[in-house]
Structure formats: structure tokens, C-alpha cells
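Peer 1: Structure below; questions to follow.
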Amino acid sequence: MFLYGLVLMVLSILCYQSIGDPLTNYELVLSNWAQNPITEIYSGSVCNSQDVVLNDYRWPGTVDGCDCRDASFSYSGLYRGGCDENQTDAGCSGINSVGSRKFWNFTDQQQTFTFTLCGTLDKSFDFLNQAPQTYDCPSGTIKCGEQDMFICTNQTKCPIVDFGYFNDNNQQNEHLIITDTFKLWYNRFTAGLFPLVDFKMAEGEGVCFQNTEQSITPGRSDYLLMEVFKEDCGKDLRFRQLYTMNEKWFYEINRSLDLPKLLPEYSIDARYKWGLYYRGYIPWRMECRGEIKKQFQQQQSILRELYEIQYALFISTIVYFSVIAAVVNLISVFISAVAIIFIIFNFMFQVSFSTLTAMQLIQAGGEVDIFNKIYNLNCTDNETQWVIQDLSHNLNEYAYSYNVGLFSISMVGFIFYVIPILYYFCWCFFECAYLFKNSFHQSQQIQNQQIKIQQIEIREVRYNGDNPDEKNMESNPINYPKM
């Protein structure tokens with residue numbers, strides 16, 4: 001029983017984990033398409049309320065900690081969470097958490113001027129729902145871009161597709177003068193580029209491929225008490241770098257050089273770099289728009305449902321085999337009457353688990369076919385092609401295969417528990433039949449005895465009566481000839 005439950009739990013965990021990262025990467029593609037393009041870039045002390053901060057970075061904050069560096073505790077160092085009684089008695093001291101902070105300030109290379117980089121959005125367009133279906137734009141809109149890399153907008157200007165440092169080679173472009181030493185240029189048409197939508201501040205060598213993660217310089221460890229840890233992650237090469245500054249500058253202009261005083265062992269080091277990165281819409285070929293793109297987008301709800309059911313299966317195996325089954329099994333050892341309840345309980349679990357697993361098998365198999373078809377059409381860039389391939393591979397090699405294993409093992413469990421249940425019901429049937437038969441025979445015997453008693457009573461009445469003929473008949477019965 002223990003080994004059976006352990007195998008189910010392990011397979012459920014592996015199946016659940018195999019879907020998570022590929023699903024996140026897929027949803028990040030849809031998230032990129034759902035954003036509005038940037039039509040204007042400007043600088044200021046703050047951005048207008050309807051606009052966005054392009055150099056937005058949220059320092060995530062820290063959790064409570066316990067400082068045992070100078071205490072007589074078993075381990076000298078920092079601990080996550082407040083100090084317990086033993087740590088306090090050993091001389092450890094608590095570290096208060098620090099809330100998250102907005103790092104919205106930017107500076108030039110001479111650090112002479114602090115500003116925020118802002119963007120105005122075209123909120124009438126997003127590529128998720130309004131990607132052009134043909135090479136012609138509707139009447140009343142203008143075409144921004146060429147070949148497959150264009151959008152149709154009802155604004156008076158096309159959105160920005162590229163920008164960088166201003167110099168003599170790009171004087172023909174629009175430019176933004178922030179200081180005499182910090183000037184930016186931007187343009188609204190560059191062949192092969194989609195409108196800009198994503199901006200990220202990141203430490204190290206670039207933006208994580210999973211853009212929701214925070215990157216860290218390779219070889220560096222993040223602070224132990226951080227609410228969210230930075231990751232040494234694979235980078236998304238579609239992000240282009242605009243600007244870098246050292247970490248001390250970055251913290252200083254955002255008024256956060258006090259953190260090492262609040263947090264023991266927190267490090268701010270000028271050797272590490274922070275950069276501002278940007279990218280446009282993820283491309284999608286015109287031949288793959290219409291039904292193909294719609295089908296690609298519609299898989300999100302199906303994949304999310306598949307992921308959530310897999311999570312439910314994973315949790316159910318843990319709760320069932322580690323808590324419920326163990327308790328019921330323990331009771332059934334001491335109370336034999338509970339044993340059949342335990343068997344039926346297990347049987348019901350196996351039926352529901354097998355049914356859900358079979359549904360997952362069918363769902364995963366269908367998703368593999370869809371994503372394989374889209375991958376073979378070569379609809380997008382190399383990075384997104386990899387996302388589609390990775391999702392299809394994990395669904396097929398892990399989610400589908402592990403669910404085959406889960407279904408097979410759960411069917412073994414189903415058979416294992418259905419046999420004693422059938423045996424019990426057969427035993428009950430024959431036992432009931434035997435009891436009914438005995439009861440019927442006993443009833444017949446009682447009835448026959450009652451008939452005999454009645455016959456004897458009738459004879460006694462007749463014998464004690466006044467009719468002499470009847471007495472003679474009783475004493476001299478007539479002997480009838482045998483037939």
C-alpha cells in the first residue's frame with residue numbers, strides 16, 4: 001500500500017512539474033501580444049497618470065530574519081523567519097522585514113541629472129486581438145511597417161519600433177534631449193522590427209527568458225532574506241540593451257543606499273551592472289494568422305485546465321495516501337468492521353482518480369497534435385518556435401507518458417480493490433440466500449407442526465363427543481382397498 005501510494009505521488013509530482021515552465025513560456029507570448037504599442041517617449045520627474053514607466057523596477061523587499069552571527073548558536077549566520085526561543089536565548093537578534101520599493105529613477109553617465117523615462121501607449125491596438133489578417137489595412141487606418149511586420153493603427157502617428165543613443169549617424173530620426181550629454185533617438189519605421197511593447201530593468205547579462213523572473217549576475221548569490229530571489233537564468237536574446245549603469249549608481253539615485261544598514265550582510269557592489277532592455281511584439285507570419293493564430297491562442301484555457309487538474313491529482317495523492325488512507329487503515333487494523341469501509345473507500349478513490357487521469361491523457365494527446373501542427377508551419381521566430389516545441393515535447397514525453405503510468409497503476413489499484421468488494425458482495429449474496437433457505441425450512445416445519453397439532457385437537461374433540469357412531473368410526477376405521 002505504501003509503495004503503491006508513493007509511486008502515484010511521484011508520478012503526479014513529475015507530471016505536474018513537466019507542464020509548469022512550458023505553460024508559463026507559452027502564456028508569456030500571449031502576454032506580449034496583449035500589450036499596447038508605445039507611440040511617444042519622454043522624460044520627467046514623474047510620468048503622466050495614463051502613461052507607463054519604461055525603466056520600472058520593483059525591488060521586492062525582504063522577509064523577517066534572525067541574525068545569529070555573533071551568538072552561541074549551533075550555526076553562525078542569518079536565518080529566514082523571526083528568531084525562535086532557542087535562538088533568542090543563544091543571543092541571536094531579530095531582523096525586521098523591509099517593504100518593496102519602486103526604483104523609477106534613471107540617470108545619465110555623468111550622474112548629473114535624475115529622471116524617469118516614460119511612454120505613451122496606443123490603447124486602441126494590441127496584437128493579440130487586432131493583428132492584421134491581410135496585407136491591406138482597413139479604411140481610416142494607416143499601415144505601419146512592411147511585409148509581415150506591420151500593424152494598422154487609427155492614430156495619426158505610427159508607434160515607435162526602435163531607439164538608442166543620439167549621434168551624428170542618426171540625426172534624421174526623432175530625438176529626445178534629456179541633458180547635453182544624454183540624448184536619445186527613436187524612429188517609427190525600421191525594416192524587420194515590430195512596435196516596442198516590453199521594457200525591463202535587469203541585473204547581469206540580460207532579461208530572463210521567463211520574463212517574470214529577475215536575473216542575477218552569474219556566480220553571484222542573492223541575499224538570503226529577499227522576498228523573491230533573482231535567478232541565474234537563460235536569457236531572452238530578443239531584448240536589446242539601451243543603457244547600463246553600475247549597481248551603486250542604481251541604488252543611489254533611487255535613494256536605497258540605506259539597505260545595508262537595515263539588512264545585515266546586504267551588499268551593494270559597483271562591480272555589478274544593471275541595464276535597461278526593450279523589445280517589440282513577438283512576430284507571427286501572415287500565413288499563420290486567422291484560424292491558426294486563433295487556435296494557438298485558444299489553447300491557453302485548455303492548457304490551464306489541464307495544469308490545474310494535474311495539480312488537483314498531485315494534491316489528492318499526497319492528502320489521500322499520507323493522511324486519509326493511513327488513518328482509515330490504522331482503524332481497520334483494530335476494528336474489523338471498518339475493513340470493508342476502507343476497501344470501498346479505496347475503490348471510490350481509484351475510480352475517480354482513473355477517470356481524471358484518462359481525461360488528462362485524451363487532453364494531452366490532443367494538445368500535442370495541435371502544437372506539432374503549428375510548429376511545423378514555422379509561424380514565428382526561433383525563440384517562440386522553441387517554446388512551441390518544448391511545450392509539445394513536455395506534453396508528449398512527460399505529461400502524456402506520466403499520465404499513462406498513472407492510469408495503468410490506478411487501474412491495478414482498481415482491480416486490486418474491486419476483487420475483495422466483489423468477493424464481499426458474493427459472500428453476502430450466498431449468505432443471505434442460505435439464511436433465507438434456512439428460514440423458509442424452519443417456517444415450513446413450524447407450519448407442519450401446527451397442522452399436526454390442529455389435527456390431534458380435532459380428533460380429541462371427536463373422540464370425547466356424544467355420537468357413538470363417530471366413536472366406532474374412530475375405534476374401527478374403514479380400511480379402503482389399495483389402488
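The values are calculated or read from the model by the stated rules, or taken from the named source; none is laboratory data. Remember, it's a predicted structure, so these values are computed and weren't measured experimentally. Cβ coordinates were reconstructed from backbone atoms using ideal geometry, including for glycine residues, and neighbour counts include every protein chain displayed. Note: areas computed on protein heavy atoms with side chains; ligands, DNA, RNA excluded. Shrake-Rupley method; radii C 1.70, N 1.55, O 1.52, S 1.80 Å.
Peer 1: Using the structure shown, decide if F407 is at pLDDT below 75, within 16 Å of I309 (Cβ to Cβ) and either of a type outside the set (A, V, I, L, M, F, W, C) or open to solvent by less than 70 Å² (accessible area, probe 1.4 Å) (or both). Write out each step before concluding.
Peer 2: Numbers: at pLDDT below 75: yes; within 16 Å of I309 (Cβ to Cβ): yes; either of a type outside the set (A, V, I, L, M, F, W, C) or open to solvent by less than 70 Å² (accessible area, probe 1.4 Å) (or both): yes.
In short, yes.
Peer 1: Would you pick out the residues in region 56-90 that are in contact with a Gly (Cβ under 7 Å, 6 or more places away or on another chain), hydroxyl-bearing (S, T, Y) and modelled with pLDDT under 90?
Peer 2: S72, the sole residue that qualifies.
Peer 1: Any residue in region 64-75 that is among the small types (G, A, S), under 30 Å from T244 (Cα atoms) and in contact (Cβ under 8 Å) with a residue 60 or more places away in the chain?
Peer 2: Taking region 64-75 and keeping what is among the small types (G, A, S), we get 65, 71-72, 74.
Still in the list and also under 30 Å from T244 (Cα atoms): none.
Scanning region 64-75, I find no residue that is among the small types (G, A, S), under 30 Å from T244 (Cα atoms) and in contact (Cβ under 8 Å) with a residue 60 or more places away in the chain, so the answer is no.
Peer 1: If I282 satisfies all but one of (1) part of a helix (DSSP H, G or I); (2) closer than 21 Å to N394 by Cβ; (3) at pLDDT 70 or above, what's the number of the condition it fails?
Peer 2: Result: I282 passes all but (1).
Peer 1: What number of residues within region 11-23 satisfy the criterion of being polar (S, T, N, Q) and buried (at least 16 other Cβ atoms within 10 Å of the Cβ)? Please lay out each step first, then the result.
Peer 2: We begin by selecting, within region 11-23, every residue polar (S, T, N, Q); these are 12, 17-18.
Those left that are additionally buried (at least 16 other Cβ atoms within 10 Å of the Cβ): 12, 18.
Result for region 11-23: 2.
Peer 1: Now, a different point. Restricting to region 211-243, name every residue that is open to solvent by 60 Å² or more (accessible area, probe 1.4 Å), assigned to a strand (DSSP E or B) and under 18 Å from W59 (Cβ atoms).
Peer 2: Matches in region 211-243: E231 only.
Peer 1: Of everything in region 44-57, what is open to solvent by 40 Å² or more (accessible area, probe 1.4 Å) and not acidic (D, E)? Give them in sequence order.
Peer 2: Looking only at region 44-57, we keep the residues that are open to solvent by 40 Å² or more (accessible area, probe 1.4 Å), and these are 45-46, 48-50, 52, 56.
Listed by number, the residues that qualify are S45, V46, N48, S49, Q50, V52.
Peer 1: What helices (runs of 4 or more DSSP H), lying completely within region 285-399, carry at least 3 residues that are modelled with pLDDT of 70 or more and open to solvent by 30 Å² or more (accessible area, probe 1.4 Å)? Steps first, please.
Peer 2: On the way: elements: 291-319, 325-334, 337-376, 382-394.
Because the criterion is at least 3 residues that are modelled with pLDDT of 70 or more and open to solvent by 30 Å² or more (accessible area, probe 1.4 Å), the helices (runs of 4 or more DSSP H) in region 285-399 that meet it are 291-319, 337-376, 382-394.
Peer 1: Output the residues belonging to region 58-74 that are surrounded by fewer than 19 Cβ atoms within 10 Å (Cβ to Cβ) and within 36 Å of the chain's Cα centre (by Cα).
Peer 2: Scanning region 58-74 gives R58, P60, G61, V63, D64.
Peer 1: For region 34-43, name all the residues that are among the aliphatic types (A, V, I, L, M) and buried (at least 17 other Cβ atoms within 10 Å of the Cβ).
Peer 2: I38, I41
Peer 1: Any chance region 182-203 includes a residue that's modelled with pLDDT of 90 or more, open to solvent by 20 Å² or more (accessible area, probe 1.4 Å) and under 28 Å from the mean Cα position of the chain (by Cα)?
Peer 2: Yes, region 182-203 has at least one match.
Peer 1: Filter region 119-142 down to the residues that are of a type outside the set (S, T, N, Q), closer than 17 Å to C379 by Cα and surrounded by fewer than 13 Cβ atoms within 10 Å (Cβ to Cβ) and list them by number.
Peer 2: Going through region 119-142, the residues of a type outside the set (S, T, N, Q) turn out to be 119, 121-123, 125-128, 131-132, 135-138, 140, 142.
Filter once more, keeping what is closer than 17 Å to C379 by Cα: 127-128, 131-132, 135.
The answer is Y135, and nothing else.
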